[in-house]
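One structure, as structure tokens, below. Some questions next.
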């Protein structure tokens with residue numbers, strides 16, 4: 001696509017869809033404009049129109065469903081920010097539509113590995129479509145800085161990756177869809193695909209097997225929806241082994257609001273150690289030879305960010321990069337590929353199954369499902 005105005009449609013304008021609207025409004029100078037939105041819930045459409053007015057943006061056309069949006073011809077790029085369990089059907093409709101639409105799909109790509117694989121294979125028939133998966137944690141300034149540090153080799157060969165997320169419970173969503181595994185894929189797919197994606201990046205390897213322990217201990221236990229009690233876990237430990245010998249560990253707790261940082265990421269090589277802290281947005285780097293006294297603390301910032309939003313500027317940078325690829329200003333492919341999306345889901349599915357079965361789960365058996 002030649003540089004110039006790029007028209008966006010947003011499918012699903014709940015909390016995250018509206019967050020995308022704000023990010024794109026801050027990219028008007030780059031040619032981004034939201035021309036249409038789709039959502040089956042009238043209240044969500046009203047909120048989107050109110051938001052457009054507050055942003056002094058032209059009112060987008062509104063549609064009750066994604067097919068009407070695709071048929072309208074009003075957009076070149078589609079952001080899929082609808083509930084997880086709707087991603088597969090929507091993506092297949094986009095891929096099979098006669099008009100090509102580039103796609104940014106929120107994580108997780110799909111809720112099952114089988115559906116992810118079908119999307120990967122279907123997209124191979126559409127070389128005219130660019131698809132990026134919204135694993136935007138890669139773009140958070142402290143995480144991005146740590147990725148660069150690891151790639152520089154200063155830490156040596158990465159041996160261990162430890163990620164801690166201690167945070168608040170899941171937010172309330174439309175019709176409480178995120179309270180049930182059947183809709184989300186499970187907490188370790190819905191939320192933690194971000195961290196499994198980062199583990200793969202830091203390890204520079206692919207997962208082999210997964211062991212997890214987790215449960216629902218505090219959150220949502222007194223909630224009922226149509227007579228059903230939520231089944232999403234609220235805490236877990238997950239160990240991931242990679243094919244180059246690196247090991248990763250996730251420590252998740254969703255009733256830990258009393259934390260200074262929501263995410264703490266540690267990468268240890270045979271020469272040194274790096275750490276990233278969010279939202280403090282600082283990075284620690286230390287070499288074994290220099291000991292504790294030699295640890296350097298650096299602030300992580302990115303001057304390009306015009307809007308911090310819900311994810312510390314990462315969604316803005318995600319859009320900025322994808323837009324440059326769409327406009328042909330960057331020769332890079334989308335930063336997060338469909339295979340990245342598939343494997344982040346596969347690790348989460350393996351972790352959920354490991355909790356259920358009480359044993360290690362190999363990635364191979366998950367990919368063969």
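Any read-out appearing in this document is the output of simple, stated calculations on the displayed coordinates, not a laboratory observation. Nothing here was measured: the structure is a model prediction, and the numbers come from that model. Don't worry about glycine lacking a Cβ; one is built from the backbone with ideal geometry, like all the others, and counts go over all protein chains shown.
Give me the Kirkwood hydrodynamic radius of the chain, using the inverse of the mean 1/r over all pairs of distinct Cα atoms, in Å to one decimal.
21.2
So for 8, 307, 139, fewest C-beta neighbours within 10 Å to most, what's the order?
Neighbour counts put them in this order, fewest first: 307, 139, 8.
Subtracting the Cα-Cα distance from 0.36 nm times the residue separation, let me have the gained length for residue 218 to residue 308 in nm, one decimal.
Here the answer is 29.4 nm.
Taking the Kirkwood radius as the inverse of the mean 1/r across Cα pairs, report the Rg/Rh of segment 247-305.
So for segment 247-305, dividing Rg by the Kirkwood Rh gives 1.03.
Quick one: helix 15-25 against the long Cα principal axis of the chain, what's the angle to the nearest 10°, folded into 0 to 90?
The two axes meet at around 80 degrees.
Related question: Sort largest first and round to whole Å: the equivalent ellipsoid semi-axes of segment 1-127, each the square root of five times a Cα gyration tensor eigenvalue.
Sorted largest first and rounded, they come to 23, 17, 13 Å.
Further question: Counting other beta carbons within 10 Å of each residue's own, what order do 79, 285 fall into, fewest first?
Final ranking by Cβ density, sparse to dense: 285, 79.
With N residues in segment 206-361, what two-decimal value do you get for its Cα radius of gyration over 2.2 N^0.38 Å?
This ratio for segment 206-361 stands at 1.29.
By its C-alpha gyration tensor, with a ≥ b ≥ c as the square roots of the eigenvalues, how is segment 126-174 shaped: rounded for a/c under 1.5, else prolate for a/b larger than b/c, else oblate?
Cα axes put segment 126-174 in the oblate bin.
Here's another thing I want to ask about it. Would you calculate the separation in nanometres between label points at residue 55 and residue 72, each defined as 7 Å from the Cα along the Cα-to-beta-carbon direction?
Once both label points are built, they end up 1.4 nm from each other.
While we're looking at this one, here's another question. Hey, in the GNM for the chain with a 10 angstrom Cα cutoff, which one of 161, 267, 172 fluctuates hardest?
172
How far is the Cα center of segment 201-221 from the Cα center of segment 22-81, in Å?
Value for the Cα centre distance between the two parts: 35 Å.
Between the alpha-carbon centers of segment 172-194 and segment 242-272, tell me the distance in whole angstrom.
A separation of 21 Å, based on Cα centres.
To continue, here is another question. How large is the translational diffusion coefficient of segment 102-230 in µm² per second when you combine the Kirkwood radius over alpha carbon pairs with Stokes-Einstein at 37 °C and 0.692 mPa s?
188
Based only on other Cβ atoms within 10 Å, what is the fewest-to-most ordering of 314, 354, 330?
Neighbour counts put them in this order, fewest first: 330, 354, 314.
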